[in-house]
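Inspection log for the structure reproduced underneath, given as structure tokens.
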2 protein chains.
Amino acid sequence: MSDREMDSSTEQSNRNTSTVNIYPLSNYYFGSKQSLNIKDETQAEHAQRMKANYATHGLRTCVEAVLVVELHKHPHLLVLQVRNSVFKLPGGRLRPGESEVDGLKRKLSSKLCDDEDGSDTDWEVGECVGMWWRSDFETLAYPYFPTSLRRPKECTKLFLVKLPVSKRLIVPKNLKLLAVPFYGIHENDKTYGQVISGVPMLLSKFIFNIIED
Amino acid sequence: MSDREMDSSTEQSNRNTSTVNIYPLSNYYFGSKQSLNIKDETQAEHAQRMKANYATHGLRTCVEAVLVVELHKHPHLLVLQVRNSVFKLPGGRLRPGESEVDGLKRKLSSKLCDDEDGSDTDWEVGECVGMWWRSDFETLAYPYFPTSLRRPKECTKLFLVKLPVSKRLIVPKNLKLLAVPFYGIHENDKTYGQVISGVPMLLSKFIFNIIED
């Protein structure tokens with residue numbers, strides 16, 4: 001489909017709709033750096049550690065980035081693959097007292113930049129597009145506040161992060177950065193988990209303006 | 001859970017997050033009016049009519065309302081049930097040249113007010129929360145623009161409509177207005193279809209501020 005056809009057929013839909021510019025995958029340079037320390041623990045050990053953390057710090061807040069690029073005229077989401085199995089959005093847990101935007105910039109720098117100390121704050125953190133709540137550390141997350149429970153244990157907030165026209169993305173050796181098409185993610189929670197598989201729907205209100213060089 | 005507990009556990013999540021006030025279901029009066037003319041047609045007849053309309057008018061744009069009330073301290077979505085089977089959000093197709101907001105107000109007046117001519121425009125149409133694209137009139141909708149297709153045939157836009165503290169809702173006799181809990185809708189596309197079952201996720205970025213009298 002030509003840009004002109006897309007313009008004409010979406011013209012009426014553009015009112016009240018936000019547009020996001022996305023750039024070709026080939027505009028980005030992908031490199032690698034030293035492995036990140038990833039805790040090697042069983043699910044039970046993980047749950048145990050989360051419970052201990054909750055007792056000390058209370059609600060665990062995680063922030064994750066939704067980064068979109070263009071390939072074959074279709075939006076693709078950048079995801080990290082851990083140990084050739086689990087897929088994750090770039091992000092992580094906030095430090096006590098840290099703001100969401102600062103925490104997300106720090107996590108993006110540690111996972112996607114060659115700059116270790118998180119001083120590369122050249123990330124345009126946009127609006128929150130979704131939130132997931134977890135009532136304990138072993139079950140599913142819910143896209144609404146779990147009223148049936150006394151206290152939620154974890155909140156994960158997804159933010160749209162607008163990539164510049166080009167950027168160097170330097171990823172720890174034990175992680176892989178992949179660009180996966182929206183049509184491959186949508187409703188595919190078996191492969192990508194419920195949070196990632198919901199991203200195309202969370203972004204459905206945006207019109208992606210594909211900018212080709 | 002008391003309001004105070006909710007305040008404290010969500011305190012850190014409130015930054016960068018929009019709050020939406022919702023009111024108890026009992027604040028709204030539900031009445032009925034004359035049946036609405038619903039086309040009695042088979043799926044094939046429906047597809048045929050849609051194709052003919054597309055040939056004449058091009059892309060079909062539908063606007064639908066997401067209306068939320070409180071019951072048992074949990075958000076509930078207002079849905080219309082047609083013939084004790086299909087569930088739909090209140091809304092419908094735009095007239096040629098009609099704006100999305102005007103069209104949605106007209107549809108809300110015809111389906112939820114005793115005022116037939118759509119002059120009750122007392123509806124606060126908020127932001128677009130999601131969009132679904134259909135490439136033909138028989139298949140599934142997608143939450144992204146279907147690049148593989150030459151022209152999409154239908155676009156459905158969902159808008160958050162903020163209900164006032166109380167309102168009379170007058171529904172045609174052949175439709176039923178139901179308040180269904182988010183936990184019953186989420187991932188339940190078998191009962192509610194893909195558009196409605198996705199609503200809790202589309203609204204996950206909002207904190208619902210439950211206002212009790």
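Assorted remarks:
- Cross-link pairs exceeding 23 Å in C-alpha to C-alpha distance, out of A:162/B:162; B:105/B:167; B:33/B:73, comprise A:162/B:162; B:33/B:73.
- Area accessible to solvent at residue A:45, 1.4 Å probe radius, in Å²: 100
- When the accessible areas of A alone and B alone are added and the area of the pair subtracted, with a 1.4 Å probe, the result is around 4400 Å², both sides summed.
- Calculated mean residue ellipticity at 222 nm for chain A: -7000 deg cm²/dmol, from DSSP H runs with n ≥ 4 weighted as -39500 (n - 2.57), summed, divided by the residue count and rounded to 500.
- Take every pair of alpha-carbon atoms less than 8 Å apart whose residues are at least six positions apart; their mean separation over the length of segment A:33-161 yields a relative contact order of 26 percent.
- Residue A:106 contributes about 50 Å² of solvent-accessible surface, heavy atoms of the protein only, 1.4 Å probe.
- Residues residue A:101 and residue A:47, FRET efficiency given R0 of 35 Å [Cβ-Cβ distance, rounded to 0.05]: 0.75
- Ranked by how many other beta carbons lie within 10 Å on average, peptides A:77-83, A:89-95 from highest: A:89-95, A:77-83
- For segment A:129-148, heavy-atom accessible area (probe 1.4 Å) falls by no less than 40 Å² from the chain alone to the full protein assembly at A:131, A:143, A:144, A:145, A:147.
- In the assembled protein chains, residue B:113 presents an accessible area of approximately 0 Å² (probe radius 1.4 Å).
- A Förster distance of 51 Å, applied to the separation of the beta-carbon atoms of residue A:34 and residue B:34, puts the FRET efficiency at 0.10.
- Taking only protein heavy atoms and a 1.4 Å probe, the accessible area of the protein assembly as shown is 46% carbon and sulfur.
- Computed from the alpha carbon positions, the gyration tensor of chain A leads to an equivalent ellipsoid with semi-axes of 30, 21, 16 Å, biggest first.
- In range of the label at residue A:191: residues from segment A:78-93 whose backbone nitrogen is under 18 Å from the point 7 Å along Cα→Cβ: A:78-90
- Sequence-distant residues sharing a close amide H with residue B:171 (under 5 Å, placed H): B:31, B:32, B:33
- Between copies, the label points of residue B:85, set 7 Å from Cα on the Cα→Cβ line, lie 4.5 nm apart, reported in increasing order to one decimal in nanometres.
- For the pair residue A:168 and residue A:54, label points projected 7 Å from Cα toward Cβ lie 4.2 nm apart.
- Burial of accessible area (probe 1.4 Å, heavy atoms of protein chains only) in segment B:175-205, relative to its chain alone, reaches at least 30 Å² for B:186, B:187, B:201, B:202, B:204, B:205.
- The protein assembly as shown, dipole about Cα centre (Lys/Arg Cβ +1, Asp/Glu Cβ -1), debye to the nearest 20: 720
- Counting only protein heavy atoms and a 1.4 Å probe, chain B has 48 square angstrom of accessible area per residue.
The values are calculated or read from the model by the stated rules, or taken from the named source; none is laboratory data. Predicted model, so just to flag it, every value in this text is computed and none were measured. Cβ: placed from backbone, ideal geometry, glycine included. Neighbour counts: every protein chain shown. What goes into the accessible areas is simple: the full protein's heavy atoms, side chains included, and nothing from ligands, DNA or RNA. Shrake-Rupley method; radii C 1.70, N 1.55, O 1.52, S 1.80 Å.
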